[in-house]
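The values are calculated or read from the model by the stated rules, or taken from the named source; none is laboratory data. These numbers come from a predicted model, not from an experiment. Positions of Cβ are generated from backbone atoms using ideal geometry, with glycine treated the same way; all protein chains shown enter the neighbour counts.
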Amino acid sequence: MPIKEPEMDIANTAGEDINRARIVALAVKEACSILSSEQSQKDGWEAARQLILQNKLLTEDEKKNIILLLQPKPSSTSSSPSSSCMYIYLS
């Protein structure tokens, strides 16, 4: 039985959403890996930020949101970017 046109659109959209989620998840994982491996938090943050900005698979909104999510929080007691990554890993 052939798939009807609207059902194909839904299936394609769902597949694209899953692929986008995987691309974003991989970018976050790579950035967190850099953050946790660098000796200096400042150097690690800059390297992770550059990695995100140079990723051609991410949209501009995705880049902005990942950077906002991972950047050090000035008001928290633990302002290291890697603490954001720890939360992501545990979620």
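A few notes on this one:
- Verdict on D9 being in a helix (DSSP H, G or I), at pLDDT 80 or above and more than 14 Å from the chain's Cα centre (by Cα): no
- Scanning the stretch 34-68 for residues that are surrounded by fewer than 17 Cβ atoms within 10 Å (Cβ to Cβ), assigned to a helix (DSSP H, G or I) and among the basic types (K, R) yields K42, K64.
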